[in-house]
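Novice: A single structure is presented below for examination.
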Amino acid sequence: MIVKKLAFIGAGNMAGAIIKGLIEGGYPAEQIRATTRSVDSATQAARHLGIAVSTDNQATCQWAEVIVLAVKPQMLKDTCAELSPALENQLIISVAAGIDTATLSQWLGKDLAIVRSMPNTPSQVGVGASGLFANPHTRESERDFAHQVAEATGLCIWVEDETLIHAVTAVSGSGPAYYFLFMEAMIEAGKSLGLDETSARALTLQTALGAATLANKVDTPVDQLKRNVMSPGGTTERAIHTFEDGQLRQLVQKAMNECAARSESLGRELSQ
C-alpha cells in the first residue's frame, strides 16, 4: 500500500465513500484530512468518518501531498482559485463531473499532475466503477496512487484519451440509473402479473444481483450467458424476442449516445 498525506476538499457522499473504503482497506486514518464549508458539517464529518476535518482549505492543502477535489462542479472554479496559493507540486485528483484536466490546470494556475476520475453511485457501497485519465504531468507513481484511491470503492479502468471519459459516463457513470429503470419496470410487471410488491422487488433485485455476479465470476461472454437461459421455443426465448422486436438494442445505443453528448456539452458549459 502506498501511503501519502491525502486531503479531500469536500466531504460529501463520494468523498465519504472513498475515505471509508481506504480506511477499511488499511489506509491510516491519521494520513487523511478533509474540509467542509461549515464548522457544524466539519464536526459531523469528523465524527462520521473518523478523520480530521476542518473548514481551512489552504492549510489542509499545504499539509497534503495529494488533494482530492470533491466539490460540486459549479463550485470548482472558485475552489481552485482559493487553493492555488497553497499548491506546489501536489497530485490533484478530481471527482467532479464534466471538468477536464486542461480547465482544472487553468483554474489552478499551475502545471500540476492531475488525474480525472469518473466514479458512480455504487461506490458508496464499495462496488463502484470509475474511469480515470491522467494528464501528461502525472508520473507513473502518481498514477499508481490515484489507482489505489479509486480502487478503494470498486473497479477502476484507465483511458488514455480524455474524450473517452464521456463514454465512461455513458456506460458506468450514468449506467446504474439504466439498471434501476429496468428493475423498476420488472417490479411493476411482476405486480401486474399478480405478485405483491415485496415479492416482486425481492425477486427482481436478487435476479439482478445474481446475473451480475455470475457474469463477473465466469469467463463466458454475456451473449452466451443469455443463450444459456434460453431454450428453443421456451419462456425466456419468447421474452428475449419481444425485447429484440421492440428494438431494445437500438434504444440503449440511442440513450447512451445522448448521455455521452450531454456529458460533452455539460463539460463545455461548466468550463466557461
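The values are calculated or read from the model by the stated rules, or taken from the named source; none is laboratory data. This one's a predicted model, so the numbers in the text were calculated from it and none came from an experiment. Don't worry about glycine lacking a Cβ; one is built from the backbone with ideal geometry, like all the others, and counts go over all protein chains shown.
Novice: When you scan the stretch 6-16, do you find a residue that is farther than 27 Å from SER263 by Cβ, modelled with pLDDT of 95 or more and not small (Gly, Ala, Ser), even just one?
Specialist: Looking through the stretch 6-16, at least one residue is farther than 27 Å from SER263 by Cβ, modelled with pLDDT of 95 or more and not small (Gly, Ala, Ser).
Novice: Looking at the structure I just gave you, is GLY131 farther than 30 Å from ALA59 by Cα, within 12 Å of the chain's Cα centre (by Cα) and either surrounded by 16 or more Cβ atoms within 10 Å (Cβ to Cβ) or not aliphatic (A, V, I, L, M) (or both)?
Specialist: Against the criterion (farther than 30 Å from ALA59 by Cα, within 12 Å of the chain's Cα centre (by Cα) and either surrounded by 16 or more Cβ atoms within 10 Å (Cβ to Cβ) or not aliphatic (A, V, I, L, M) (or both)), GLY131 does not qualify.
Novice: Only one of these is under 16 Å from ALA113 (Cα atoms) and surrounded by fewer than 19 Cβ atoms within 10 Å (Cβ to Cβ): GLU140, GLU188, GLU151. Name it.
Specialist: Result of the check over GLU140, GLU188, GLU151: GLU140.
Novice: Further question: Need pairs with beta-carbon distance below 8 Å; first residue farther than 22 Å from VAL168 by Cβ and within the stretch 232-257, second in a helix (DSSP H, G or I); sequence gap 6+ or separate chains.
Specialist: Every condition considered, the pairs that remain are THR236/VAL229; ILE240/LYS226.
Novice: Hey, another quick one. Among what's in the stretch 82-108 and is of a type in the set (Gly, Ala, Ser) and not in a loop (DSSP other than H, G, I, E, B), pick the residue that is surrounded by the fewest Cβ atoms within 10 Å (Cβ to Cβ).
Specialist: This residue is ALA102.
Conditions (1) modelled with pLDDT of 95 or more; (2) over 25 Å from the mean Cα position of the chain (by Cα), marked per residue:
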position	(1), (2)
THR220	yes, yes
LEU225	yes, yes
SER231	no, yes
ILE240	yes, yes
GLU244	yes, yes
VAL252	yes, no
ALA255	yes, no
ALA260	no, no
SER265	no, no
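Novice: What number of residues within the stretch 138-164 satisfy the criterion of being farther than 17 Å from ILE92 by Cβ, β-branched (Val, Ile, Thr) and in a loop (DSSP other than H, G, I, E, B)?
Specialist: Number of matching residues: 2.
Novice: In addition: Quickly run through the stretch 25-62 and pick out the residues that are touching a Gly at 6+ places or on another chain (Cβ under 9 Å) and either in contact (Cβ under 8 Å) with a residue 40 or more places away in the chain or of a type in the set (Ser, Thr, Tyr) (or both).
Specialist: Selection gives TYR27, THR35, THR36.
Novice: Further question on the same structure: Could you list, in sequence order, the residues of the stretch 179-203 that are assigned to a helix (DSSP H, G or I) and either acidic (Asp, Glu) or assigned by TED's automatic domain parsing to the domain that holds THR121 (or both)?
Specialist: GLU184, GLU188, GLU197 - these are the residues of the stretch 179-203 that are assigned to a helix (DSSP H, G or I) and either acidic (Asp, Glu) or assigned by TED's automatic domain parsing to the domain that holds THR121 (or both).
Novice: Residues that are touching a residue at least 60 places away in the same chain (Cβ under 8 Å) and either under 22 Å from ILE32 (Cα atoms) or not assigned by TED's automatic domain parsing to the domain that holds MET14 (or both): does the stretch 94-107 have at least one?
Specialist: Yes; the residues of the stretch 94-107 include at least one that is touching a residue at least 60 places away in the same chain (Cβ under 8 Å) and either under 22 Å from ILE32 (Cα atoms) or not assigned by TED's automatic domain parsing to the domain that holds MET14 (or both).
Novice: Right, another one. So if I check each of GLN44, GLN74, which one is modelled with pLDDT under 90, assigned to a helix (DSSP H, G or I) and over 17 Å from the mean Cα position of the chain (by Cα)?
Specialist: GLN74
Novice: Moving on. In the stretch 191-217, what residues are at negative phi and loosely packed, with under 12 Cβ neighbours inside 10 Å?
Specialist: SER192, LEU193, ASP196, GLU197, THR198, GLN206, LEU209, GLY210, THR213, ASN216, LYS217 - these are the residues of the stretch 191-217 that are at negative phi and loosely packed, with under 12 Cβ neighbours inside 10 Å.
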